[in-house]
1. Could you name the lysines in cross-link range of B:K51, using Cα to Cα under 18 Å and dropping any fewer than eight places away on the same chain?
2. Find the Rg to Rh ratio for region A:3-107, where Rh is the Kirkwood radius over alpha-carbon pairs and Rg uses the same atoms.
3. Provide, as a two-decimal number, the C-alpha radius of gyration of region B:1-102 over 2.2 N^0.38 Å, N being how many residues it has.
4. With each label point set 7 Å from Cα along the Cα-Cβ vector, what nm distance links A:T135 and A:I171?
5. Checking an interface number: how much accessible area is buried between B and A, summed over both chains, with a 1.4 Å probe, in Å² rounded to 100?
6. Accessible area per residue of region A:1-105 at 1.4 Å probe, in Å²?
7. May I ask for the percentage of alpha-carbon pairs in region B:34-84 that lie more than 17 Å from each other?
8. Taking θ = phi - 60°, what integer Hz values does the Karplus form 6.51 cos²θ - 1.76 cosθ + 1.60 yield along region B:64-80, in sequence order, with x for Gly and Pro?
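The values are calculated or read from the model by the stated rules, or taken from the named source; none is laboratory data. Keep in mind the model is a prediction, meaning the values are calculated, not measured. With ideal geometry, Cβ positions are generated from the backbone for all residues, glycine too; neighbour counts draw on all protein chains shown. Keep in mind that these areas ignore ligands, DNA and RNA; they rest on the heavy atoms of the full protein, side chains included. Shrake-Rupley method; radii C 1.70, N 1.55, O 1.52, S 1.80 Å.
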Amino acid sequence: MSFFLEVLIGGLLAGIMYSLVALGFVLIYKASGVFNFAQGAMVFFAALTFVGAQEKLGFPIWAALIFSLILMIILGVLTEKVVLRPLVNQPPISLFMVTIGLTFFVEGLAQLMWGTKVYPLELGIPDEPIAITLTRWGLNTDAVPNVLKEINSFDLIAAIVAGTLVAALAIFFQITRVGRALRAVADDHQAALSVGIPLKTIWAIVWSVAGFVALVAGLMWGARNGVQFALVFVALKALPVLILGGFDSVPGAIVGGLIIGALEKLAEVYIGPYFGGGIEIWFAYVAALLFLLVRPEGLFGEKQIDRV
Amino acid sequence: MGSKDNFVKALLNINNIEVIYDHVILVLKGISLHVNEGQIVALLGANGAGKTTTLKAVSNLLQTERGEVTKGFIEYKGDRIEKLTPWSLVKKGVIQVMEGRHCFQHLSVEENLLTGAFTRGNQKKAIKNDLEKVYNYFPRLKERRRSQAGYTSGGEQQMTAIGRALMANPSMILLDEPSMGLAPQLVEEIFEIVKTLNQKEKVSFLLAEQNTNIALGYADYGYILENGRIVMDGSANELSDNSDVKEFYLGIASAGRKSYRDGKHYRRRKRWLA
Ligand SMILES: Nc1ncnc2c1ncn2[C@@H]1O[C@H](COP(=O)(O)OP(=O)(O)OP(=O)(O)O)[C@@H](O)[C@H]1O
Ligand SMILES: [Mg+2]
């Protein structure tokens with residue numbers, strides 16, 4: 001039983017990392033109906049800028065953080081202005097194709113600016129079981145239940161960061177004036193325009209927030225796996241999360257991420273041996289596909305309201 | 001035009017505008033009309049006559065539909081407005097209630113209303129007062145305030161759309177086909193509220209309607225649009241009494257032509273192109 005719990009907790013924590021990436025997709029999809037294929041590239045760009053600014057420009061961590069945030073905002077706003085705005089009212093498939101093009105551009109730009117080297121990303125968060133961290137800090141770990149002792153400190157902190165970010169976003173969406181306007185734009189942008197909501201400003205805000213989320217995801221994933229080109233594939237991990245949680249739901253991205261994370265780890269441990277292992281890579285997709293048959297709008301996705 | 005003497009006081013003055021969609025489709029072919037302060041002006045005409053296009057030319061929602069005012073000008077309170085963005089127009093007090101209501105389906109009724117106050121920034125107190133005011137005019141919305149707008153009835157959605165516009169604190173509402181798809185009794189109810197808003201809140205209305213009968217019942221003045229041109233205008237009473245209006249728009253046949261076919265024949269012969 002405690003082994004099961006251990007696997008489950010490990011899975012949930014890994015899942016939050018997926019949520020973080022999925023969140024970037026959800027934001028853009030919600031506000032502009034675009035499936036932003038470039039989200040993975042943005043994660044890569046953000047992480048590479050963060051380390052690049054330290055390595056090449058000699059910035060301290062905090063300055064690198066601010067610098068990459070500003071760059072992400074500029075990238076987001078420019079994308080909206082130059083790439084997507086001219087295509088307003090075009091069919092979703094055209095917009096999707098454009099974001100594929102954007103992916104290559106952003107990947108190329110990132111490497112042009114910072115080179116193709118693989119960098120380590122050091123945030124100073126220990127990557128070890130929590131019991132060890134606590135002992136190192138001179139704390140007594142007797143009170144900590146055994147199941148929890150094995151939890152990785154890094155995973156835990158990543159989870160806390162992601163959780164905070166999500167809570168902040170949810171509050172922003174739900175109760176602020178701009179958040180409400182954002183949801184209005186997502187629902188009907190003609191009507192939003194008619195009541196005087198400035199679409200351009202709203203879209204610029206959304207892309208900036210998505211850039212910020214990409215930065216956080218890039219830092220977490222980069223610290224975990226090193227900053228390398230493979231970061232762009234992190235985006236593919238978000239896909240089953242989105243199918244499960246719904247493309248337009250912030251809570252869906254969170255819960256979807258948790259479920260996929262947990263399922264993956266549990267499947268690997270309990271079903272994996274029958275397949276000769278390695279099912280973690282594809283299991284999430286199969287689970288998502290099966291789920292798609294049952295509930296196409298996702299767990300929390302907004303139902304299409306058909307009545308007139 | 002019938003009332004040149006009122007020209008100075010015109011709140012909205014549309015002067016000989018031409019509107020083209022997609023750079024080639026000429027839809028409005030020189031339209032002039034005006035709305036005086038405190039008036040309800042009806043814009044009448046059949047499907048495709050150009051009523052919606054006229055309203056969107058004023059609110060500049062044409063922008064997103066690849067439509068453009070290519071000739072003429074539009075003035076509001078004496079200032080040219082055809083280059084302004086929809087949000088600066090809303091700030092100035094001109095707001096459109098779109099055809100088909102266009103409520104934000106997944107937002108609650110109250111959230112819908114609050115979006116109308118977006119351009120007013122964070123004047124919390126005033127906005128709260130106005131919310132109560134809207135609930136006073138539309139008690140039904142207060143009952144449904146927490147419901148998702150997409151699940152409310154057509155009448156409630158129309159009320160939400162009008163209430164949402166009121167939240168912008170406008171002096172002029174461009175109201176597009178409020179009667180569309182509503183039961184006669186509800187239509188009556190909506191128009192009563194329009195009249196009340198006009199009198200109590202001093203909101204002027206430019207009202208596009210296919211339902212000529214009800215529109216002339218509540219409007220002060222009317223324009224009849226056909227094929228992108230104004231073919232007739234006059235006070236609501238004049239128009240209601242006009243035999244051509246009666247025949248074509250109110251469905252009251254004049255004596256002597258009883259059969260539908262005769263009417264059709266007559267209609268073909270006598271177009272409105274004055
Ligand atoms: N976005 C557009 N692009 C091209 N043509 C358009 C567009 N919108 C409207 N039209 C054309 O302009 C003409 C006038 O349309 P408009 O919607 O203004 O008419 P209307 O009087 O409001 O009609 P209805 O009573 O059906 O609402 C129609 O022939 C229509 O096909
Ligand atoms: Mg119309």
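1. The reachable lysines, counting only those whose Cα sits under 18 Å from B:K51, are B:K29, B:K71.
2. 1.08
3. On the way: Rg = 13.2 Å, N = 102, 2.2 N^0.38 = 12.8 Å.
It is 1.03.
4. Computed distance between label sites A:T135 and A:I171 equals 3.8 nm.
5. 2700
6. Details: 4330 Å² over 105 residues.
Averaged over the residues of region A:1-105, the accessible area is 41 Å².
7. On the way: 535 of 1275 pairs.
Distances greater than 17 Å cover 42 percent of the Cα pairs.
8. 7, 10, 6, x, 8, 7, 9, 8, x, 8, 10, 10, 10, 6, x, 9, 5
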